Amino acid sequence: MLEKYLLSISRAKKRVISIAIDAVFIAIAFWGAFGVRYGHFDSITDVELWQTYAILALVTIATFVKLGLYRAILRYLSFHALMVVSTGAIISAIALSVSGFYLDDASIPRTVPVIYGAFLAILSGGARLIMRTLVFSKKASQKKRVLIYGAGSTGRQLCIALRQSLDYMPVAFVDQDSSLVGTYILGLKVMPTSRIDHLIHDLKCEKVLLALPRASRSERKAILEKLANLTVEVLTVPSMEDIVNGEAKIDELRDVPIEDLLGRDPVAPRQELMGADITGKVVMVTGAGGSIGSELCRQIVMQRPTKLVLFELSEYGLYAIDKELSAVVAAHALEVEIVPLLGSVQRMNRLQTVMESFKVQTVYHAAAYKHVPLVEYNVVEGVRNNVFGTMYTAQAAIKANVETFVLISTDKAVRPTNVMGTTKRMAELVLQALAKQNTKTRFCMVRFGNVLGSSGSVIPLFKKQIQLGGPVTVTHKDITRFFMTIPEAAQLVIQAGAMGKGGDVFVLDMGESVRIADLAVNLIKLSGLDVKSQANPHGDIAIEYTGLRPGEKLYEELLIGDNVSKTSHERIMTAQEISLTWDELEAILKPLDNACHNFDHLRIRELLLEAPTGFNPTDGISDLVWHAKHEHDTDSVDNVVEMRAKAETA
């Protein structure tokens with residue numbers, strides 16, 4: 001009750017109480033000094049000594065006020081405050097000695113000021129230390145006990161910051177450096193990493209805080225794989241770049257970035273490739289408001305084009321990226337004109353007019369429907385946007401004399417089992433055919449896998465499901481995917497585009513594929529939770545396998561064949577893929593266009609099966625409109641099965 005009252009009263013009242021208590025301490029020290037000197041307290045009745053005390057109390061309290069003792073907050077009391085008390089006590093003792101000398105007061109022996117000063121320092125400083133200890137111990141019992149992984153400079157700074165916080169109490173360090181093991185840093189013992197499981201249990205730690213901002217992702221992955229087996233929540237300090245740039249503080253703890261679980265270290269971009277098709281040029285990005293398109297825009301604007309044309313169908317998406325980039329341009333004083341344009345890639349006239357009006361020199365074509373099940377449910381729009389949208393954009397670029405055209409493709413275009421992947425492979429065939437026509441426009445395409453944090457990405461879904469208490473849903477226990485961060489993917493796309501000679505299919509090195517079920521398990525365990533299963537029925541979060549969705553396959557590939565060559569960039573390869581002439585391709589595109597116009601899904605499926613895309617569907621037609629229209633038409637379903645059997649036989 002007393003603690004709550006003291007914490008609730010105003011700062012002014014707290015200062016008055018502190019002054020009153022110090023006045024009592026001065027009296028105790030003053031008369032105590034005489035008692036120690038004489039062995040009795042008879043002098044307490046001396047009126048002249050009471051007058052001396054009154055003057056001494058005023059001088060001492062005035063000194064404490066001047067030194068700022070009453071501005072110090074008790075819970076944050078430091079060594080500096082104790083120095084202030086000691087300094088004030090010395091000044092007070094000198095004042096007592098001087099007053100005895102000038103007042104010629106024989107009743108104040110020379111040893112009394114010394115004893116008095118010592119008593120005052122002990123009483124005033126000691127009382128504050130005791131109160132701070134009581135408050136700290138009370139608060140400490142309510143704090144979460146944490147282990148700091150990393151006893152370097154970052155770990156020490158984190159420890160100091162956390163001791164001033166209301167949430168965490170560091171109890172020990174762990175470090176891989178054997179020279180630090182066994183030493184004490186800031187009062188905490190440094191223990192070896194091999195003892196971390198025992199420390200978590202013995203010290204009752206609730207969290208492990210990674211203080212390794214300079215460690216590579218591969219190093220952090222190795223550490224996280226060990227910590228994932230301990231079922232303790234793991235948080236990390238911000239990256240050193242964010243700390244140095246002032247974008248984050250050392251004690252702003254965060255969830256472990258998913259890229260650390262992948263262990264993929266990014267390669268620094270080559271500046272000559274980054275700026276080759278951008279610096280001093282007019283650049284256009286289609287699908288500028290999407291996850292890949294918006295990151296391309298962020299990378300492009302820093303390479304200082306003269307104009308950056310944002311072409312986007314979504315009004316909100318265009319508004320958001322325009323506002324963001326305008327702020328970046330203003331903050332960095334860039335001479336870049338941002339041009340926000342609404343439009344669809346299915347309107348060639350609009351595309352050509354835009355490119356000609358702004359004299360566009362480089363186009364990054366990121367506009368596409370990419371969510372596999374949604375494209376399965378909306379086949380006509382998927383074909384229209386991904387195939388014909390790419391064709392119209394490329395043809396508009398040729399007519400507008402665009403120098404470079406880069407298509408953002410996908411690993412799902414390789415031996416596709418769904419409409420989305422098939423349409424992206426068709427888009428590649430369109431550009432390859434146009435590249436053979438000796439146009440002024442240089443075409444190339446860049447193929448890569450999933451990017452972390454994109455719209456529809458599984459990682460944000462898993463995190464949200466864990467926060468809600470589960471279950472975490474995974475389509476299949478053996479499903480795997482390639483992953484890459486959006487910034488790295490955008491940088492590699494720009495660099496690959498600069499390396500193209502015409503008709504090139506570039507493939508990004510995505511590293512090793514990741515088992516999605518393992519990713520889900522690690523995310524659960526690093527959140528400090530247990531996986532609930534038959535073997536562990538008392539766990540926290542269950543993993544449910546929902547089955548593959550329409551068009552989804554277990555494994556993704558990046559190459560159709562083995563004809564792959566290295567380039568001068570270690571993360572970029574070039575693939576020699578099958579291609580068609582424009583006449584051969586047009587023989588497919590014209591009937592496909594007509595089938596889309598007539599919403600003839602059977603004909604669309606037949607044409608996609610006949611095209612040299614390697615399309616091998618895992619499901620029948622899933623288009624929702626088609627199903628609604630042919631709900632009771634079993635002949636149509638039988639036709640699809642028959643076509644599929646023929647395609648497999650062929």
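The values are calculated or read from the model by the stated rules, or taken from the named source; none is laboratory data. Bear in mind that the values here come from a model prediction, so they are computed numbers and not experimental data. Ideal geometry is used to build each Cβ from the backbone, glycine not excepted, and the neighbour counts take in all protein chains shown.
At a glance:
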| read-out | value |
| --- | --- |
| Positions within region 359-390 being surrounded by fewer than 24 Cβ atoms within 10 Å (Cβ to Cβ) and over 34 Å from the mean Cα position of the chain (by Cα), in sequence order | LYS359, VAL380, ARG384, PHE388 |
| Pairs with Cβ under 6 Å, 6+ apart, first in region 194-216 and under 9 Å from VAL232 (Cβ atoms), second β-branched (Val, Ile, Thr) and in a loop (DSSP other than H, G, I, E, B) | ILE200/VAL232; VAL208/VAL232 |
| Qualifying position, being within 20 Å of the chain's Cα centre (by Cα) and crowded, with 22+ Cβ neighbours inside 10 Å, among LEU519, LEU508, LEU526 | LEU526 |
| Test: residue in region 248-264 that is surrounded by 14 or more Cβ atoms within 10 Å (Cβ to Cβ), modelled with pLDDT of 80 or more and in contact with a strand residue (DSSP E or B) (Cβ under 7 Å, 6 or more places away or on another chain) | no |
| Residue in region 354-366 that is touching a Gly at 6+ places or on another chain (Cβ under 9 Å), part of a helix (DSSP H, G or I) and modelled with pLDDT of 95 or more present | yes |
| Unique match (being more than 19 Å from ARG214 (Cα to Cα), under 25 Å from the mean Cα position of the chain (by Cα) and not aromatic (Phe, Trp, Tyr)) among LEU166, LEU158, LEU199, LEU186 | LEU166 |
| Search result, residues across region 504-525 that are part of a helix (DSSP H, G or I) and either without any contact (Cβ under 8 Å) to a residue 40 or more places away in the chain or within 18 Å of VAL451 (Cβ to Cβ) (or both) | ILE516, ASP518, LEU519, LEU523 |
| Extreme residue, farthest from GLY389 (Cα to Cα), among residues of region 296-312 that are surrounded by 24 or more Cβ atoms within 10 Å (Cβ to Cβ) and of a type outside the set (A, V, I, L, M, F, W, C) | PRO305 |
| Search result, residues across region 274-304 that are over 23 Å from ARG347 (Cα atoms) and out of contact with any Ser or Thr (no Cβ under 8 Å at 6 or more places or on another chain) | MET274, GLY275, ALA276, THR279, GLU295, ARG298, GLN299, ILE300, VAL301, MET302 |
| Whichever residue in region 359-414 is among the hydroxyl-bearing types (Ser, Thr, Tyr) and touching a Leu at 6+ places or on another chain (Cβ under 7 Å) and, among such residues, is farthest from LYS307 (Cα to Cα) | TYR377 |
| Checking GLY389 against (1) at pLDDT below 95; (2) under 20 Å from VAL505 (Cα atoms); (3) assigned to a helix (DSSP H, G or I), the condition it does not meet | (1) |
| Breaking point among (1) over 22 Å from the mean Cα position of the chain (by Cα); (2) at pLDDT 85 or above, for GLN534 | (2) |
| GLU356 over 22 Å from MET426 (Cβ atoms) and either touching a residue at least 60 places away in the same chain (Cβ under 8 Å) or touching a Ser or Thr at 6+ places or on another chain (Cβ under 9 Å) (or both) | no |
| Residue match in region 529-536 (condition: touching a helix residue (DSSP H, G or I) at 6+ places or on another chain (Cβ under 7 Å) and not aliphatic (A, V, I, L, M)) | no |
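Residues are listed down the side, and each one gets a yes or a no for (1) at pLDDT 95 or above; (2) under 18 Å from THR393 (Cα atoms); (3) assigned to a strand (DSSP E or B):
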| position | (1), (2), (3) |
| --- | --- |
| VAL283 | yes, yes, yes |
| ILE300 | yes, no, no |
| LEU310 | yes, yes, yes |
| ILE321 | yes, no, no |
| LEU341 | yes, yes, yes |
| SER344 | yes, yes, no |
